[in-house]
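In what follows, a single structure is set out as structure tokens and then discussed.
The values are calculated or read from the model by the stated rules, or taken from the named source; none is laboratory data. What you see is a predicted model; the values in this text were computed from it and never measured. Glycine gets a Cβ as well: all are built from the backbone with ideal geometry, and neighbour counts include every protein chain shown.
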Amino acid sequence: MKKVKDSINTAVENSKIHYYSVNSNKVGDDSNYKNNGATGDDAIAIGIGVKAKGQHAIAMGNNVESSGYASIAIGKDSEATKQGAIAIGMGAKVYAGGGVAIGTNVQAGDSPSDGDWSPVALGYGTKSLGGASTAFGYESVARGAHSIAGGDRSKATGQDSVALGQEVEASGTWSVALGQKTVASGSNSMSMGDNTKASGSNSTAMGIKTEAGGAGSTAMGYGTKAIGNWSLATGAYSKSEGKFSTAMGLSSVAKGHNSFAVSGANVEKDASNAIAMGYNATAKLTDSVALGSGSVASTKQGVAGYNPITDKNYERTPEAAAAYQKWIDAYNAWEAIDEAEKDKKAEKLKECNAMKTEYNKLVSTWESTKSVIAVGDKEKGISRQITGVAAGTEDTDAVNVAQLKALNTKVDKGASHYYSVNDIDDHVDNYKNDGAKG
């Protein structure tokens with residue numbers, strides 16, 4: 001009898017599973033104590049409180065559940081609910097088909113009813129909630145479809161967006177945010193650096209505390225701002241506010257539409273198409289140009305020049321005055337046309353521009369048709385020589401000193417000799433050589 005008992009004990013000992021240990025005192029219906037946790041066909045359930053409900057599913061650990069087809073849940077409190085889902089770690093959840101969640105308290109898929117596919121969440125507290133999105137790092141969130149969020153609490157909420165770094169956010173569609181506390185909220189925008197913002201569509205902000213607010217704008221440097229649509233600001237504290245404006249260099253400001261400010265210069269708000277170059281150079285008027293430090297361009301177009309023949313400033317001829325009035329009438333007619341009548345308004349604008357051109361041809365020799373080019377500031381006594389100027393040929397060309405010397409020589413040769421009159425009274429007859437009447 002003893003031999004039979006020993007044989008039975010030996011057989012039982014030999015049939016035991018080795019190198020496998022589970023330590024728990026839970027014996028409830030959901031504890032898998034009775035090896036009933038695998039309910040799906042060909043499913044495997046190993047551990048305490050595990051449930052392998054899906055066909056070919058695998059559940060391993062403590063209180064985990066794999067309910068999706070061929071899903072895998074491993075760890076503690078992890079859950080894989082959809083086909084091909086993989087959840088590994090503590091509190092890892094996968095609610096989307098083909099999704100992967102690896103880490104602590106990570107989530108792939110928005111909810112158990114989510115129909116998206118293939119999100120990936122890796123790290124601690126990360127969430128990939130959009131279809132085919134990826135989140136990795138610490139508490140990063142990829143909510144947009146096909147988005148990527150990585151790093152420390154980064155957020156990619158826009159479709160196809162990318163957010164990589166510390167507390168960065170890419171909320172615009174196709175936007176990219178890289179660095180620290182950067183924001184890319186405009187569609188197709190890019191924000192790179194530290195505390196940069198790209199809020200305009202197709203905008204780019206690079207550097208530290210830069211801002212690209214206008215559509216298609218670009219801001220690069222430290223504290224730069226590109227506010228106007230399609231504007232550019234580069235250099236510390238530069239600012240481009242006008243549409244199509246450019247500000248380059250330390251503290252340059254371009255406020256006017258289509259304006260250009262370089263090296264600490266300033267173009268004021270009403271100065272469209274203006275240029276200012278040099279420290280503290282200022283262009284105040286449309287089409288004006290300020291060149292050199294401290295220069296100020298403040299003389300508007302239409303200023304008449306001095307005529308030495310008449311000894312006074314140029315006065316419009318009747319022909320020029322008539323042309324000017326036609327231009328003004330055409331301009332007023334153009335302004336009166338409703339914006340909705342685009343074709344009619346465009347045709348009238350062509351007519352207006354043609355009349356302006358004809359007027360300019362008549363007066364441009366004696367009257368400026370655009371604002372001034374300034375190389376100094378009369379109010380502050382700033383002046384400059386312009387050197388290397390060739391002799392002018394046309395009526396509107398600049399004259400150099402050589403031409404003035406030649407003119408002086410010609411006048412001297414034509415002067416009367418051995419003839420002298422001494423009189424201090426300039427009001428008597430014949431003072432202007434007009435005494436001969438016959």
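Given the structure, is Ala226 assigned by TED's automatic domain parsing to the domain that holds Val183 and crowded, with 24+ Cβ neighbours inside 10 Å? Yes, satisfied.
When Val22 is tested against (1) free of Cβ contacts under 8 Å to residues at least 24 places away in the same chain; (2) farther than 18 Å from Thr81 by Cβ; (3) of a type in the set (Val, Ile, Thr), only condition (1) is not met.
One residue alone among Ala276, Ala233, Ala219, Ala271 is under 23 Å from Glu379 (Cβ atoms) and in a strand (DSSP E or B), and that residue is Ala276. Checking each residue in segment 135-184 for being out of contact with any Leu (no Cβ under 9 Å at 6 or more places or on another chain), closer than 17 Å to Gln107 by Cβ and among the charged types (D, E, K, R) picks out Glu139, Arg153, Lys155.
Does Tyr324 satisfy being touching a residue at least 12 places away in the same chain (Cβ under 8 Å) and either touching a Lys or Arg at 6+ places or on another chain (Cβ under 7 Å) or not assigned by TED's automatic domain parsing to the domain that holds Ile382 (or both)? Steps first, answer last, please.
Numbers: touching a residue at least 12 places away in the same chain (Cβ under 8 Å): yes; either touching a Lys or Arg at 6+ places or on another chain (Cβ under 7 Å) or not assigned by TED's automatic domain parsing to the domain that holds Ile382 (or both): yes.
It is true that Tyr324 is touching a residue at least 12 places away in the same chain (Cβ under 8 Å) and either touching a Lys or Arg at 6+ places or on another chain (Cβ under 7 Å) or not assigned by TED's automatic domain parsing to the domain that holds Ile382 (or both).
Take the conditions crowded, with 24+ Cβ neighbours inside 10 Å and in contact with a strand residue (DSSP E or B) (Cβ under 8 Å, 6 or more places away or on another chain) and apply them to Ser67. Does it pass? It is false that Ser67 is crowded, with 24+ Cβ neighbours inside 10 Å and in contact with a strand residue (DSSP E or B) (Cβ under 8 Å, 6 or more places away or on another chain).
Can Glu367 be described as surrounded by 10 or more Cβ atoms within 10 Å (Cβ to Cβ), modelled with pLDDT of 75 or more, among the acidic types (Asp, Glu) and under 30 Å from Phe260 (Cβ atoms)? Let's see the steps before the verdict.
On the way: surrounded by 10 or more Cβ atoms within 10 Å (Cβ to Cβ): yes; modelled with pLDDT of 75 or more: yes; among the acidic types (Asp, Glu): yes; under 30 Å from Phe260 (Cβ atoms): yes.
Answer is yes for this residue.
Within segment 119-133, the set of residues being crowded, with 19+ Cβ neighbours inside 10 Å and under 16 Å from Ile88 (Cα atoms) comprises Pro119, Val120, Ala121, Leu122, Gly123, Thr126, Lys127, Ser128.
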